[in-house]
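In what follows, a structure is listed as structure tokens, so that the remarks can point back to it.
No value in this document is a laboratory result; all are computed from the given coordinates. Here the structure is a predicted model, which is why all the values come from computation and not from measurement. Cβ placement follows ideal geometry from the backbone for every residue including glycine, while neighbour counts extend to all protein chains displayed.
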Amino acid sequence: MLQPDSPPERPGVAADPAPDGAHLAVEPEAVSVASQWKLMWWRFRRHRLAMAGLIVTALFYFVAVFADFLAPYGSGTFESEHTYAPPQTLRIVDTSGDGWDWGLYVHGYRAERDPETLELRYAVDEATRIPVRLFAEGETYRLFGLFETDIHLFGTADPDAPPVHLLGADRLGRDQLSRIIHGTRISMSVGLIGVSVAFVLGILLGGVSGYVGGKTDTVIQRVVEFFMSLPTLPLWLGLAAAVPRDWGPLTRYFAITVVLSFVAWTGLAREVRGRFLSLREEDFVTAAKLDGVGRPGVIFRHMLPSFTSHLIATLTLSIPAMILAETALSFLGLGLQAPVVSWGVLLQEAQQIRVISTAPWLLLPGLAVVTAVLALNFLGDGLRDAADPYRR
Amino acid sequence: MTSHVRATPTIADAHVPESDLLVIDELATHFHTDEGVVKAVDGVSLTVPHGKTVCVVGESGCGKSVTARSVLGLVDPPGRIESGHIWWRPSPPTEPLDLAALDPRAAAMRRVRGGQIGMVFQEPMASLSPMYTIGNQLTQAMRLHLPLSAAEARERAIAQLARVGIPQPEKRFDAYPFQLSGGMCQRAMIAIALACDPGLLIADEPTTALDVTTQARILDLLRELKDQTGMAMIFVTHDLGVVAEIADEVAVMYLGRVVERGSVFDIFDRPQHPYTVALLESMPTAGLSAGGRLNAISGMVPHPGNRPAGCAFHPRCPSMIPGLCDTISPPELTLGDRRSAACHLLDAEVAAPPPPSRVPAAVVAPAVTRAVPAPAAPAPAPSGEPLLSVQGLRMYFPVKKGILGRTVGHVRAVDDVDLEIRQGETVGLVGESGCGKTTLGRCIARALDPTGGRILYRDAEGGPAVDLAQLTSAQLRPYRGQVRVIFQDPFGSLNPRKTLLQLIGEPLTRIRRADTSDSSIQDQVADMLRRVGLRPEYMRRYPHAFSGGERQRVSIARALITRPRLVVADEAVSALDVSVRAQILNLLRDLQDEYRLTYLFISHDLSVVESLCDRVAVMYLGKIVEQAGTRSLFTEPGHPYTAALLSAVPQPDPHRRSQGARIRLADDLPDPADPPPGCPFHTRCPHRDSSICAVDVPQPRRLGAGHLAACHYAGDLVLK
């Protein structure tokens, strides 16, 4: 570092620092003004890993939104003859005839049952060719619940042909790829409401606690400590039992996350309180008070914006936590349950070593979880760095 | 670091005479940042003779600290020594060692660092580890370089602590840094730096963070230690007063180069380089309150990344020669023994105007104004009724202990203060840190709710005075625009998330609800920015795009946008560089005339107060111990504390260094939660008389017109 009192020019400052206005020796160049968000974006773009995180996260949410279109089959569609069918390779060049030709196709399966173990074995049947095409017709669905259509991104050219499994099939012969795509929608969204409830509560209570101080602070802090001491897993078990049986599995899970978010705000509230306690002593807060700004104005227009960066990071980092929680709980059978499809529910299939050894592709939802969580973490990191105006 | 790649020179260089301990030769330290190469140090040559103190002086950003750190290989990445030599010759018969060629992590460098060269930093609290005791850190420094047993080291460390003037060294040996005051910590730091009897001590702004009284004692200590041990010192500072106090030789740095070198008397009596001249001129001097102005250097130090072509100082130089100074970099001209300067004006071959005298041609005009007060500037006309009258003001902060937060005592930050401020005058409020001057200022602005007392404020319309201390925040609203505050820290007091327009316009919408249409606010903000010397086009930019001085201008604009009558300037220029400080002081003075402002000027810097204020109040431990007109306070102080403060101020004149006995106060301010009985100052007073001073609280005594001093012997003591 240079001397602390002469920091090097920061990136993103629109123009060179102005010469002292009263004694302009040199006319400065035309001054361009960039908004706060523009500056943030400029800095964010320089962070490679965060950019990658942003792109991957955007892809995941794109998949979540267009799941029905992207998945070749519905989440419950099964083909009983394809139990534990291995992934098929999508072929682009057709060499079966004379010379070679373009064309998307997969080879069919040839199933054999082992006479001794009665195990079903699949071999690629080079002879059968199942042509595949883009924008194929398949099952009908409603895009965004509005437009009824039967067009999928890809599918067998002949709607009556046996299904293709690019990522294999599961115990009941359901297409793994389709189920992962459908699971994306649930996994990436079901906890968002819970996260936002916890977020709002945390900022509100933490802010009041830190700014007002005194008795209010003491009461809120004791409440925080009480909630922090509640064991989450038994609470979850209890709630899972308490939610009415006649609710659908998704509604039940949703209800539980919302209830849990009333417990989960504590960590953020503590952080926000700490920030407020230190910010309260800052000169610019006193200055705002002397400018006649009222209490809500000081809290929400002067103090809160100065740690937006921190809040954004907390928010982005709490989404992966939510994804992981969903996965873990569903895996244990406490969270979502079939027929709802989520990554955790899919992983439930892979609970036994025997299953994994015969059908390792059942672990692929785990890869989706890892990718999504990593991408969100990088994104949060990059946002935090970019949002800090005093970052060196 | 590239330095170790170069061949280590083994032959003694002809440039290192035996009398010199350290010779820096064309040192260049550059920082390779994403935005390009920053040449923080760009060709510095400097010699440190045995047993002498060399002061490196200049504004911030001139490369002083980086030069000092380069000597010990302490430059952090991305900085590194590009070229040049640092010849180190601790004892004359040995061959000099090139420190610049050593790997900063090499054993040889570590032997030099701490063992042969010690270093003291600016922030004593920050440079001591909070997790270890003073003794622990001191013995560690010793045992790294000397073969000592733990017991020997302890014994030696205690002796060392005693040597740097720490009372009860056995007890302090086991103290943690946070248990000591700032001055004590700096003493401990010096003890550590001198633990192995180094030949050279590098002190990087060692007194900048300290109070003026503590600074004086630390300077005394350094001088004594230098005389005792015969060590040499490199003393980095921006304060010319300190330079005059301690230097034997001076090197003036500007933008990574030494522009002038010479003995301290040469520099102060016969400065040759325009930058040196300008620095000396911008020192605040007494008597500006009559309407004079400081000779500020125009502009500010440019960032080393965009160094001007030719002479780096030419854009700010009053005697710039077009076509020469802005194209050709001036060579260093030798002007005598150990004296040189880098300026074209001194070059005999350049047929040019004569070298600048103490007052260069271009700055003569303001200097004249100083001699003859401009008639346009109305002399402060103190009317009969004070604008603000503080009566018996108290501000106590509770001290809480235990789980239940029981109040066990009070810190009496402001304790029964009476103060009157008349319309149009500038009242200075001085004192050591922790004396309650900032708290008093904040009570007056009602940023705090005082515990007791009255703050009577007289409205512009006449009418009865209002007691601001009793008003609720809603009732205060009309007065918020009339009493405004300028804060000390230009970085902390501006919300980094707001544009200048929002920052300056906010008080308008909040306080004066008259015409708050967007365009009207924009016009007013633009107008205000122009008044404080910033371009109105900047109003949509964020504070981080501005330098400290510019931000302070923004703070001033924000304070003045509501057309206040009283402005509380809380250390408004303390965080600024010398030249920028002079600019801001001039601006404050101009605005006072323009808007008929009354200032309460809170500062620990007595020279600034002397130059700006009409009257001065001295605070000690929450009480005002003396108040008087500036002239009489500075010439005939009535309170021993004032006398001690005045005697501690470094005088920017090396000839006055050894004159007269100085009053030196003990470092420690008593705990304001438990003030001593009787006169609060009696624990540190050189004139105390235990019979009265420790028992009775002295009441203010009148010593002359408007001169009050709270001392039992006020008027009887001969103080100056």
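See the values below:
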quantity: Built amide H within the under 5 Å cut-off of B:Ala673, gap 5+; calculated: B:Arg412
quantity: DSSP-loop trypsin sites (Lys or Arg not before Pro) across the range A:156-219, with at most 14 other Cβ within 10 angstrom; calculated: A:Arg171
quantity: Dipole magnitude of the protein assembly as shown about its Cα centre (Cβ charges: Lys, Arg +1; Asp, Glu -1), debye to nearest 20; calculated: 2720
quantity: Semi-axis lengths, Å, the protein assembly as shown, gyration tensor of Cα atoms, sqrt of 5 times eigenvalues; calculated: 66, 39, 31
quantity: Share antiparallel - DSSP beta bridges, the range B:20-282, percent rounded to 5; calculated: 60
quantity: Under the Karplus curve 6.51 cos²θ - 1.76 cosθ + 1.60, θ = phi - 60°, whole-Hz ³J(HN,Hα) for the range B:36-46, x wherever Gly or Pro sits; calculated: x, 7, 9, 8, 5, 10, 9, x, 9, 10, 7
quantity: 15 Å beta-carbon shell around A:Leu192, net charge (K/R +1, D/E -1); calculated: 0
quantity: Loop trypsin sites (Lys or Arg not before Pro), the range B:259-342, which have at most 16 other Cβ atoms in a 10 Å radius of their Cβ (DSSP); calculated: B:Arg338
quantity: By average C-beta atoms within 10 angstrom, highest first, the peptides A:230-237, B:79-86, B:703-710, B:614-621; calculated: B:614-621, B:79-86, B:703-710, A:230-237
quantity: Folded to 0 to 90 degrees: helix B:150-163 orientation relative to chain B principal axis, Cα; calculated: 50
quantity: The range B:20-282 - percent relative contact order, Cα under 8 Å, separation 6 or more; calculated: 26
quantity: Test item: Cα-centred dipole of the range A:180-387, Lys/Arg +1 and Asp/Glu -1 on Cβ, debye; calculated: 340
quantity: Karplus-derived 3J(HN,Hα), 6.51/-1.76/1.60, for each residue of the range B:619-631, Hz, glycine and proline x; calculated: 9, 9, 6, x, 10, 8, 8, 7, 9, 6, x, 4, 4
quantity: Within chain B, percent of DSSP bridges classed antiparallel, to nearest 5; calculated: 65
quantity: Amide H contacts under 5 Å for B:Lys623, placed H, 5+ residues apart; calculated: B:Asp415
quantity: Pairs of alpha carbons in the range A:271-326 whose separation is greater than 14 Å (percent); calculated: 60
quantity: Kirkwood hydrodynamic radius over Cα pairs of chain A, then Stokes diffusion coefficient at 37 °C and 0.692 mPa s, in µm²/s; calculated: 130
quantity: Low-density loop positions, trypsin sites (Lys or Arg not before Pro), the range B:468-514 - DSSP coil, at most 15 other Cβ in 10 Å; calculated: B:Arg513
quantity: Computed over the range A:195-325, the ratio Rg/Rh where both radii use C-alpha atoms and Rh is Kirkwood; calculated: 1.07
quantity: The range B:160-217 - convex hull of the alpha-carbon atoms, volume per residue in Å³; calculated: 88
quantity: Kirkwood Rh, angstrom, chain B [1 / mean 1/r, Cα pairs]; calculated: 27.6
quantity: Over the protein assembly as shown: helical MRE at 222 nm, DSSP H runs n ≥ 4 each giving -39500 (n - 2.57), nearest 500; calculated: -11000 deg cm²/dmol
quantity: Charge dipole (debye, nearest 20) of the range B:99-182; +1 at Cβ of Lys and Arg, -1 at Cβ of Asp and Glu; calculated: 180
quantity: Fraction of antiparallel bridges per DSSP, the protein assembly as shown only, in percent to nearest 5; calculated: 70
quantity: Backbone HN-Hα couplings from phi across the range B:248-263 [Karplus 6.51/-1.76/1.60, Hz, Gly and Pro as x]; calculated: 9, 10, 10, 10, 9, 10, 9, 6, x, 10, 7, 8, 8, 10, x, 6
quantity: Under 21 Å between alpha carbons - lysine pairs in chain B that sit 8 or more apart or on different chains; calculated: 4
quantity: Amide H contacts of B:Met233 (H built 1.01 Å from N, under 5 Å, at least 5 apart or other chain); calculated: B:Lys52, B:Thr53, B:Val54, B:Leu201
quantity: Three semi-axes of the equivalent ellipsoid, the range B:241-340, Cα gyration tensor, whole Å, largest first; calculated: 23, 20, 12
quantity: Evaluated at q = 0.07, 0.13 Å⁻¹: base-10 log I(q)/I(0), Debye formula over Cα of the range B:20-282; calculated: -0.24, -0.84
quantity: Whole-angstrom gap from the range B:459-496 to the range B:192-271, using each part's C-alpha centre; calculated: 42
